[in-house]
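The values are calculated or read from the model by the stated rules, or taken from the named source; none is laboratory data. Worth saying up front: this structure is predicted, and the values here are computed from it rather than measured. Here Cβ is always computed from backbone atoms with ideal geometry, including for glycine, and neighbour counts include all displayed protein chains. Note: accessible area is taken over every heavy atom of the protein model, side chains too, but ligands, DNA and RNA are not part of it. Shrake-Rupley method; radii C 1.70, N 1.55, O 1.52, S 1.80 Å.
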There are 2 protein chains.
Amino acid sequence: MITLLVSPDALDASPIEVTGDSYRHLFRARRLELGERVRVVDGKGHARWSTVEQVGRTTARLVVAEETPGNEPERELTILAAAPRMQRAAWLVEKTTEIGAVTIRFINSERSPRSYGEASLGRLRRVAAAAVEQCHRARIPEITGVHPFSELANLLAGCPQRWFLDPYGAAGMDPGTGPVALLVGPEGGWSEIEREALLGLDCRRWGLGERTLRVETAAVAGCSLILLAKTPM
Amino acid sequence: MITLLVSPDALDASPIEVTGDSYRHLFRARRLELGERVRVVDGKGHARWSTVEQVGRTTARLVVAEETPGNEPERELTILAAAPRMQRAAWLVEKTTEIGAVTIRFINSERSPRSYGEASLGRLRRVAAAAVEQCHRARIPEITGVHPFSELANLLAGCPQRWFLDPYGAAGMDPGTGPVALLVGPEGGWSEIEREALLGLDCRRWGLGERTLRVETAAVAGCSLILLAKTPM
């Protein structure tokens, strides 16, 4: 199965012209032929089948057909992670996109003051788009940051279930129903002031055991537990 | 806290001489001083506190003191993963070491025939050793491979709990008690022959949802669910 990410309005404007990198990938590297099927997704959660109707030398045409599952998780998970170095941030984005996060925000914290430029954010968004195609989901996570810690109250609006990873937290959590926010602190841990602020924002503590996980490891592990466990853990 | 990995017999042969890279890291980069404490681990699961007794220009001396927790998980998890490209294998090793796997074996499968040379295995072992210090555990995972698929029966000996990730598997699993083996197939999936062989080896299917996870993502997600969930999921 091949999943192709197209612009949000393309699903309703059949046929779709495939050009550029997508054309080269699908029709040169993967040698798709006339009549073959491609799953097209709009990055907003919708997916449809399409059929290759025409293959030219630099473009091809897909005719959009019936809907197909978006392969999106039932639970909406937002990750808010203390910004790690760019290479580790890219891993975090790739992996949590595959696992199914819908929003990834990077935040500043006392022990990891860091900012990403627009080029870095662009790179992270390309990583997410590639992961969407790779894992056959239908929605691209929104990626923003680096936000000041003081914006957290706003960033958490609309998320009734709020959890922060903390070595002082107990193992086990039940994400309940509705959108979930998972906050992941820096390797040095949250400062006391940050901890108090998180508790004041109705965030609950959750511990992932005795080992000190890197930011991106904790994000991927927490995301897995929330989205892939069959029952609360 | 600083964790330093030392040779298996060093914990019983106090004082410990610190030289080379470890010396440079601890006494130049991190500027440890006389009287400070260092957690020393033997890579076999034992951990002790030690105290800096002497700092020279190229070596330092640690006096070993009382035991301290090894921070090892209760459950012994072996990961057997279809060998991905080296960069992704390194990430798999780093992350599953942090999360707590005790054995990581790479296997060949029909859809990912690949082999690693000795240099690559050496690199993976260095990644694991660094992750042990980073996450403050006490045991270095054993890393082997790439094994032929036909060796699986031998590799699984001693693991009563055997699970393989498979899109046809249902969500949810209960690892029960005793050592657990988690088998992770290639991105193209297990072949039908491999699936039959796995079922014949008493391996049970387990599904991680609708999205297609890369080998290393599936390994890290499965490892997280088995080792970090408080209750069966």
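When B:Thr96, B:Thr68 are checked against the criterion of being over 20 Å from B:Thr144 (Cα atoms) and either touching a strand residue (DSSP E or B) at 6+ places or on another chain (Cβ under 9 Å) or touching a residue at least 40 places away in the same chain (Cβ under 8 Å) (or both), a single residue qualifies: B:Thr68. Annotation note: of B:Val38, B:Val55, the sole residue that is open to solvent by less than 60 Å² (accessible area, probe 1.4 Å) and either on the phi < 0 side of the Ramachandran plot or not acidic (Asp, Glu) (or both) is B:Val38.
Of the residues making up region A:88-118, those that are polar (S, T, N, Q) and closer than 15 Å to A:Ile143 by Cβ number 4.
Name the residue that is nearest to the other protein chains (Cβ to nearest Cβ), counting only residues in region A:207-220 that are within 18 Å of A:Val180 (Cβ to Cβ) and under 14 Å from the mean Cα position of the chain (by Cα). Going through the qualifying residues, I end up with A:Val220.
All told, B:His136 meets the bar of being within 23 Å of A:Gly209 (Cβ to Cβ) and within 19 Å of the chain's Cα centre (by Cα).
A:Glu187 - would you say it is open to solvent by 10 Å² or more (accessible area, probe 1.4 Å) and either on the phi > 0 side of the Ramachandran plot or free of Cβ contacts under 8 Å to residues at least 40 places away in the same chain (or both)? Here the answer is no, as A:Glu187 does not meet what is asked.
Checked against the criterion of being of a type in the set (Ser, Thr, Tyr), out of contact with any Ser or Thr (no Cβ under 8 Å at 6 or more places or on another chain) and crowded, with 22+ Cβ neighbours inside 10 Å, the candidates A:Thr96, A:Thr78 yield just one match: A:Thr96. Given region A:156-233, what strands (runs of 3 or more DSSP E) lie entirely inside it while holding 2 or more residues that are within 17 Å of B:Ile99 (Cβ to Cβ)? Ranges flagged: A:180-184. When B:Lys95 is tested against (1) closer than 30 Å to B:Arg214 by Cα; (2) more than 14 Å from chain A (Cβ to nearest Cβ), only condition (2) is not met.
Every residue, every condition in (1) free of Cβ contacts under 8 Å to residues at least 24 places away in the same chain; (2) surrounded by fewer than 22 Cβ atoms within 10 Å (Cβ to Cβ); (3) within 11 Å of chain B (Cβ to nearest Cβ), yes or no:
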position: A:His147; (1), (2), (3): no, yes, no
position: A:Ser150; (1), (2), (3): yes, yes, no
position: A:Leu155; (1), (2), (3): no, yes, no
position: A:Leu165; (1), (2), (3): no, no, yes
position: A:Met173; (1), (2), (3): no, no, yes
position: A:Glu192; (1), (2), (3): yes, yes, no
position: A:Ala197; (1), (2), (3): no, yes, no
position: A:Cys223; (1), (2), (3): no, no, yes
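Scanning region A:126-145 for residues that are within 14 Å of another protein chain (Cβ to nearest Cβ) and among the aliphatic types (A, V, I, L, M) returns A:Val127, A:Ala128, A:Ala130, A:Ala131, A:Val132, A:Ala138, A:Ile140. For the residues A:Arg114, A:Arg204, A:Arg214, the requirement of being open to solvent by 70 Å² or more (accessible area, probe 1.4 Å) and modelled with pLDDT of 95 or more singles out A:Arg204. If the condition is being surrounded by 15 or more Cβ atoms within 10 Å (Cβ to Cβ) and either modelled with pLDDT under 95 or not β-branched (Val, Ile, Thr) (or both), then region A:18-35 contributes A:Ser22, A:Tyr23, A:His25, A:Leu26, A:Phe27, A:Leu32.
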